[in-house]
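The values are calculated or read from the model by the stated rules, or taken from the named source; none is laboratory data. In this text, all values refer to a predicted model and were calculated from it rather than measured experimentally. Ideal geometry is used to build each Cβ from the backbone, glycine not excepted, and the neighbour counts take in all protein chains shown. Just so you know, the surface numbers come from the protein's heavy atoms only, side chains and all, with ligands and any DNA or RNA stripped out. Shrake-Rupley method; radii C 1.70, N 1.55, O 1.52, S 1.80 Å.
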Number of protein chains: 2
Amino acid sequence: MTSRTERTRAALQSAALQLFTERGFDEVTVEEVAAAAGVSHMTFFRHFPTKEAAVLDDPYDPVLGDAVRAQPAALSPLERVRRALLMAWGALPEPGEGETRARVALVAGHDGLRAKAWANNQRTQDVLAEALVEGGVPSLEAHVAAGACLGALMAALLDWGAGGEGGLGDRISSALGQLAPPPTAEGGA
Amino acid sequence: MTSRTERTRAALQSAALQLFTERGFDEVTVEEVAAAAGVSHMTFFRHFPTKEAAVLDDPYDPVLGDAVRAQPAALSPLERVRRALLMAWGALPEPGEGETRARVALVAGHDGLRAKAWANNQRTQDVLAEALVEGGVPSLEAHVAAGACLGALMAALLDWGAGGEGGLGDRISSALGQLAPPPTAEGGA
DNA sequence: CACATGATGTTAGTCACTAACATGACGTGC
DNA sequence: GCACGTCATGTTAGTGACTAACATCATGTG
């Protein structure tokens, strides 16, 4: 039972993705996207706050906060965030590969989109940091841990979107692995 | 002998900073900034590509690339970037404390400005990663190292701008310190 | 003083985004 | 089935960032 709202929104998003990919983000007006979806430009803005938002649609934040809270407090903040992201990635429903690729490629190739993506990233960062702060981690340390992990993750994403060949999952684990503490010689887990 | 161009640019920047701080970024039009500096809005855009650019003015990138290249190749990419940033920070001429504070506070408190700041950050990230790639580091690893360090640094900056009391330098070293490898038990330097 | 050059002003336009009000589709109570 | 309310949408008019084309004014040079 997709409601009318959901259908319109999906139509807008899909029209936007296709037009932007074909002709470039800057060469397509919101007016055109709306027309392609069969609605007026006002309807576009009722569904998306900005032109960029039709491409950047990530409602994952709450999941991530909980994932951080689920980590053992004995670990360093950085390590808690790192594991939370790895865990959350594994648990997420893998979105359609092709479409994700198109979206990330768009973002990787356009300054304005990248900027907005970073802005979203920052919201996520705040959520992660908040979860750490609740657990007693000082604010600066919490934000730094979140910032470092998301910086790494974003780098992996953009690198993939810019033309990397492997799977996205592999890149993410590899990126976050780079932030892992080196294994102790004792073999302690 | 400051050229006319330089004087106009400085006037615009200072007018922008003052007006934005007084009344908020969104409540001041470019027109008003230009008027306060005694020029027309076209002149504003000849000096700054966007409204945000009058606040975000960081020409540090080239220095950072060289700082990375100066690090011993034996270190991990992450560690090379980390040390390069610490080194570069120490070598930079400390800019006027008050003005920097005002700028960072503006950025920390405004979504659009933060987004643009991240966009700049990405350029820096690319410069750092490039320096690593030249040294033989794979692209993904290089971008991740740069992303993580700059993510941490940005978090420290924004945290400071949002109302932290200590010195900025201390926060930066503390933030980057969080990414340092743990000291080995052997006491090896 | 004629001249070239570069910074600036003027004007008019595009486009993202917003506000106010009108219309149209849909289900609910009766 | 019909009045009614609600919610998605359309229409219109506006603001403000940013651009392009052309005019002007300052500056230094011969």
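Might you check whether a residue that is within 16 Å of DNA strand D (Cβ to nearest atom), in a loop (DSSP other than H, G, I, E, B), within 14 Å of another protein chain (Cβ to nearest Cβ) and open to solvent by 50 Å² or more (accessible area, probe 1.4 Å) occurs anywhere in region B:14-31?
Taking region B:14-31 as the starting set, the residues that turn out to be within 16 Å of DNA strand D (Cβ to nearest atom) are B:15-31.
Filter once more, keeping what is in a loop (DSSP other than H, G, I, E, B): B:24, B:28-29.
Now narrow it down to the ones that are within 14 Å of another protein chain (Cβ to nearest Cβ): none.
Among the residues of region B:14-31, not one is within 16 Å of DNA strand D (Cβ to nearest atom), in a loop (DSSP other than H, G, I, E, B), within 14 Å of another protein chain (Cβ to nearest Cβ) and open to solvent by 50 Å² or more (accessible area, probe 1.4 Å), which makes the answer no.
Here A:VAL107 passes the criteria (1) more than 9 Å from every other protein chain (Cβ to nearest Cβ); (2) modelled with pLDDT under 90; (3) under 12 Å from the mean Cα position of the chain (by Cα) except the one numbered (2). Restricting B:THR8, B:THR2 to those that are within 13 Å of DNA strand C (Cβ to nearest atom) and surrounded by 12 or more Cβ atoms within 10 Å (Cβ to Cβ) reduces the list to B:THR8. Taking residues in region A:43-63 that are away from chain B (no Cβ under 13 Å), and partners anywhere that are within 8 Å of DNA strand C (Cβ to nearest atom) and not in a helix (DSSP H, G or I), the pairs with Cβ atoms closer than 8 Å and at least 6 places apart or on different chains are A:ALA54/A:PHE48. Selection of region A:165-184 for residues being at the interface with chain B (Cβ under 7 Å from one of its Cβ atoms) and open to solvent by less than 30 Å² (accessible area, probe 1.4 Å) yields A:ALA175, A:LEU179. Evaluated against (1) among the acidic types (Asp, Glu); (2) under 30 Å from B:PRO49 (Cα atoms); (3) within 8 Å of another protein chain (Cβ to nearest Cβ), A:GLU141 falls short on exactly one condition, (2).
The rows are residues; the columns are (1) over 21 Å from the mean Cα position of the chain (by Cα); (2) of a type outside the set (Val, Ile, Thr); (3) assigned by TED's automatic domain parsing to the domain that holds B:ALA102.
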| residue | (1), (2), (3) |
| --- | --- |
| B:LEU17 | no, yes, no |
| B:THR21 | no, no, no |
| B:PHE25 | no, yes, no |
| B:HIS41 | yes, yes, no |
| B:THR50 | no, no, no |
| B:ALA70 | no, yes, yes |
| B:ALA74 | yes, yes, yes |
| B:ARG82 | no, yes, yes |
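Of the listed requirements (1) in contact with a helix residue (DSSP H, G or I) (Cβ under 8 Å, 6 or more places away or on another chain); (2) not assigned by TED's automatic domain parsing to the domain that holds A:LEU140, A:ALA11 misses just one: (1).
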